[in-house]
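To start, the structure under review is shown below, and the notes come after it.
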Amino acid sequence: MTFRPTDPNRPRRIMTEAQRAANDRNFRIFRIRGLHTLAFILSADRRQAVQTIIDDELRALGVEGQTARVEAGRARWERISEREAAHAELVKDLPF
């Protein structure tokens, strides 16, 4: 392996302003969704208030609220478990 000296004046990450703005927006969304997850520590009333504020903030950024994403995930897992139960019902009488 050859050693290649690097220019100390060269920027490490070359990003346009639009890429930097999109990166900052996406990271903000990531952090806000993490706060939504941490809200389980609070009491029920405060948790509901915080999750509502977070959902409003996410909608203001132009993305789906985290509560809706969580409910969609739960519905998806319910469909999967129903499908697995139906499959188990079909194969339970098979001789092998």
* Would you mind finding the one in I54, I80, I32 that is in contact with a His (Cβ under 7 Å, 6 or more places away or on another chain), aliphatic (A, V, I, L, M) and surrounded by 10 or more Cβ atoms within 10 Å (Cβ to Cβ)? => I54
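Please work out which residue is farthest from the chain's Cα centre (by Cα), limiting yourself to region 57-68 and to residues that are part of a helix (DSSP H, G or I) and not basic (K, R).
Initial filter on region 57-68 (part of a helix (DSSP H, G or I)): 57-60, 66-68.
Then keep just the ones that are not basic (K, R); that gives 57-58, 60, 66-68.
Values: E57: 15, L58: 12, A60: 17, Q66: 8, T67: 11, A68: 11 Å.
Of everything passing the filter in region 57-68, A60 is farthest from the chain's Cα centre (by Cα).
In region 16-56, which residues are of a type in the set (D, E, K, R) and over 18 Å from the mean Cα position of the chain (by Cα)? Walk me through it before giving the result.
Our first condition is that a residue be of a type in the set (D, E, K, R); within region 16-56, this holds for 17, 20, 24-25, 28, 31, 33, 45-47, 55-56.
Matches in region 16-56: E17, R20, D45, R46, R47.
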* Please go through region 19-51 and pick out each residue that is among the hydroxyl-bearing types (S, T, Y) and either in a loop (DSSP other than H, G, I, E, B) or over 19 Å from G73 (Cβ atoms) (or both). => S43
* Where residues in region 18-29 are surrounded by 10 or more Cβ atoms within 10 Å (Cβ to Cβ) and hydrophobic (A, V, I, L, M, F, W, C), which of them is nearest to R69 (Cα to Cα)? -> I29
* Inside region 56-96, can you point out the residues that are within 23 Å of A21 (Cβ to Cβ) and among the acidic types (D, E)? -> D56, E57, E64
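Every number in this text was worked out from the coordinates using simple rules, so none of it is lab data. Since the structure is predicted, the reported quantities are computational estimates derived from the model, not experimental observations. FYI the Cβ positions are ideal-geometry reconstructions off the backbone, even for glycines, and counts take in every protein chain you see.
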